[in-house]
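What follows is calculated from the coordinates using simple rules that are stated; it is not laboratory data. Bear in mind the structure is a predicted one, so any value in this text is a computation, not a measurement. No Cβ is skipped: glycine too gets one built from the backbone with ideal geometry, and neighbour counts run over all protein chains shown.
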Amino acid sequence: MESRIRVLLLTLAFALCGGCAHLHMHWPFHRHAKPPPTQAQQDADADAAAAAAEAAPPPTVIEPQVERRKVKVPKIKSKNVELGASFGEISIESYTAAPLTGLRFDYHVTEDFYFEASAGRAMSGKTSFETLGGNIQLLTEDERRFTYYNLSLGYNFLPGEVFLGRNLAMTSGFYMVGGIGSVKFEGDHKFTVNFGAGFRVLPTDWLAIHIEAQDLVFKSDFLGTDRLRNNLEASLGATVYF
Amino acid sequence: MPRRLTRGLRPLALLLFALPLACQAAQRELLQLFVTAPFLELHTGPGRGYPVTEVVARGDSVDVLFRRTEWFKVRTERGVEGWAAEGDLLLTTLADGSPFKFERGDREGFRSHRWEGGVLTGDYAGATLVEGFVARSLTDSLKFELQVGQFLGNLSNGYVADLGLNHVFMPQWRFSPFLTMGTGVERTEPKATLVVPRDQTYQTAYAGVGGRYYLTRRFFLRAEYRHHTVFTKVDANEVKQEWKVGFAFFY
């Protein structure tokens, strides 16, 4: 009896062991062995590994911690423009001399040459004929206003220095200027040629004091004959460099 | 002092006090240059004849304050100020060791520059012309230009203003021809003594041809012919011929 039970239990145990061997597909802890790779698969894997190695950046030894600083080069300011005003006297031919107010704009192109645009205004007096003739008026108030502008080329020459006492030296220089423009006077615009010369002193780098004499020449037939008329002006001015 | 006057002076006083502050705020960082030549000479004024009173040794630096034509006002490390010629500053370097480069007025500048301006005179349909112009370079060959002038004739005076494009052929040549075209306005003021004065302003269109010749430094000569069509209010348009010549500079 006892041996029968023993045989039964042994049979049961044997059957169970065989069943476990057949259940390996569903046993979670059972690891599959990989099938051995074929030759084609081996080649493809080798190519992929080589391509990945080429694409990858070379290994860096030290990672830079500091970014390169961008150096901004400061711009240099150019101070070639001169802007200012002048006051003086103009002797209008056939009329009287009259106070003159002027504006000037200079652009220094080189050490020697500059371009100038200038304008001025004066109120002329009476001709001798009007003064002697009593109530005779040749011109209206508006026509008596002498207004001009010039576009000129200037030339700096004889540069030098002027000295005030022992400790102060100021750069200075003479200049010649000549150009073309227009005068509005006697109710008409006239083509004008201007030429003159001046002296410039710079107390500082940004300020200049000018003394200048200039002749404005135009042709007019207003007073009888068609002739050239010279209008000499002398002025004192101040300009600022920008 | 009357109250109105003091009130009027208040903004002026404010401006006077504010101006130095504004100037202080506008102070800029200066460019530092290192001398690589054996020495750099500093003159007392911006001109070739001014005496040399300071010499900066190789390896020392100067701060550039500003530029006037071909001269640079600089300050040395010891605080001495003087004028250095642009030719001498070609032998200096920036703080990073690169050479100091700047725009010079030469043939290269004549070929390629940003601005130009000048004065022209000539004949506008029988009247004497006085004109100024300014042009902005879009490329070395193509420029956008504005000309404003006054013509002074026996029968009438007037003003012209033209805005247009200018195409320079061979900008690298010393003599370079150009074509120009654009539009503008013309204002004519007939003289009162001859006809009934009536000022007239009309639109115009022009096409022209000309040439430019490099002289020296920043200067060149310019001459051109323009054919203007004036769009008058009568049936037929008026045609005006213009030629002019003048001095110009580039920057």
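Key figures
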read-out: Ranked A:190, B:191, criterion: other C-beta atoms within 10 Å, fewest first; value: B:191, A:190
read-out: q = 0.09, 0.13, 0.16 Å⁻¹: log10 I(q)/I(0) that the Debye formula gives for segment A:81-241, counting C-alpha atoms only; value: -0.34, -0.64, -0.88
read-out: Within 10 Å of each Cβ in B:214-222, the average number of Cβ atoms from other chains; value: 2
read-out: Backbone HN-Hα couplings from phi across segment A:105-118 [Karplus 6.51/-1.76/1.60, Hz, Gly and Pro as x]; value: 10, 10, 10, 7, 8, 10, 4, 9, 10, 8, 9, 9, 10, 9
read-out: Per-residue [θ]222 nm for chain B (sum of -39500 (n - 2.57) over DSSP H runs n ≥ 4, rounded to 500); value: -4000 deg cm²/dmol
read-out: Exposure proxy order (Cβ contacts within 10 Å, fewest to most) of A:62, A:211, A:5, A:90; value: A:62, A:5, A:211, A:90
read-out: Inter-label distance, nm, simple model (7 Å from Cα along the C-beta direction), residue B:90/residue A:48; value: 6.4 nm
read-out: With 10 Å bins from 0: P(r) over segment B:25-102, alpha-carbon pairs, percent; value: 20, 57, 21, 2
read-out: Stokes-Einstein translational diffusion, chain B - Kirkwood Rh over all Cα pairs, 0.890 mPa s, 25 °C, in µm²/s; value: 109 µm²/s
read-out: Inter-label distance for residue A:136 and residue A:168, nm, one decimal - labels placed 7 Å from Cα along Cα-to-Cβ; value: 5.3 nm
read-out: Separation of alpha-carbon centers, segment A:152-198 and segment A:68-108, rounded to whole Å; value: 11 Å
read-out: Computed lengthening from residue A:157 to residue A:66, 0.36 nm per intervening residue step minus Cα-Cα distance; value: 27.2 nm
read-out: Computed E for residue B:148/residue B:181 - FRET, C-beta separation, R0 22 angstrom, nearest 0.05; value: 0.80
read-out: HN-Hα J in Hz across segment B:108-119 - Karplus 6.51, -1.76, 1.60, θ = phi - 60°, x for Gly and Pro; value: 5, x, 5, 6, 10, 8, 9, 10, 8, x, x, 10
read-out: Per-pair calculated FRET efficiency, R0 = 41 Å: residue A:145 and residue B:203 via Cβ, rounded to 0.05; value: 0.85
read-out: Order of B:107, B:212, B:68 under a 10 Å beta carbon neighbour criterion, fewest first; value: B:107, B:68, B:212
read-out: Test item: A:180-187 mean partner chain Cβ contacts at 10 Å; value: 3
read-out: Label-zone membership for segment A:113-154, site residue A:195, 7 angstrom Cα→C-beta point, backbone N under 13 Å; value: A:153
read-out: Inter-probe distance in nm under a simple model that places probes 7 Å from Cα toward Cβ, at residue B:213 and residue A:213; value: 3.5 nm
read-out: Ranked packing of A:81-88, B:73-80, most packed first, by mean Cβ within 10 Å; value: A:81-88, B:73-80
read-out: Per-residue average of Cβ from other chains inside 10 Å of A:73-84; value: 5
read-out: 13 Å beta-carbon shell around residue B:51, net charge (K/R +1, D/E -1); value: -2
read-out: Flagged links, alpha-carbon separation over 28 Å, of A:219/B:233; A:126/A:190; A:126/B:240; A:77/B:143; A:77/B:244; value: A:219/B:233; A:126/B:240; A:77/B:244
